[in-house]
1. Scan the range 47-69 residue by residue and report those that are within 17 Å of residue 2 (Cα to Cα) and in contact (Cβ under 8 Å) with a residue 60 or more places away in the chain.
2. Output the residue which, of all residues in the range 68-91 that are touching a helix residue (DSSP H, G or I) at 6+ places or on another chain (Cβ under 9 Å) and at pLDDT 85 or above, is surrounded by the fewest Cβ atoms within 10 Å (Cβ to Cβ).
3. Could you check how many residues of the range 120-142 are loosely packed, with under 13 Cβ neighbours inside 10 Å, at pLDDT 80 or above and in a helix (DSSP H, G or I)?
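The values are calculated or read from the model by the stated rules, or taken from the named source; none is laboratory data. Because the structure is a prediction, the values reported are computed rather than measured. Neighbour counts are summed over all protein chains in view; Cβ atoms, including those assigned to glycine, are modelled from backbone coordinates with ideal geometry.
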């Protein structure tokens with residue numbers, strides 16, 4: 001999963017997995033942001049958020065294909081994009097300003113997409129973490 005957002009420059013995060021585990025990455029195009037804000041305990045963080053991470057990898061692309069996107073007309077100078085990449089191909093492209101899904105189970109699915117997007121934003125924005133709750137503190141999966 002690859003997530004990026006920004007206005008004047010881009011911050012990004014990526015979650016990857018293979019047979020040996022789950023990996024978290026983040027970065028920025030903002031040259032002044034060269035501080036290292038690594039996770040103090042990435043194993044604990046992954047464990048606390050594994051349900052939403054696994055849902056993103058295993059169910060998001062299939063689930064979202066069942067729903068109809070609705071064009072969102074609100075203006076926001078910030079943008080974010082979420083890509084789910086499977087087998088080297090883009091399985092899902094989700095733009096939070098344009099995409100909102102309607103249809104069966106849309107409330108539940110939109111809630112999970114928002115939770116996943118928050119988790120990825122939290123990873124991408126290390127300088128803002130002090131002002132944000134940990135994803136696992138408020139975003140338990142149901």
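1. 49, 52, 53, 55, 56
2. Selected residue: 86.
3. If we filter the range 120-142 for residues that are loosely packed, with under 13 Cβ neighbours inside 10 Å, which is where we start, we get 127-128, 130-131, 133, 137-138, 140, 142.
Pick out the ones that are also at pLDDT 80 or above and you get 127-128, 130-131, 133.
Next, from what is left, pick out any that are in a helix (DSSP H, G or I): 127-128, 130-131.
The number of residues fulfilling the criteria is 4.
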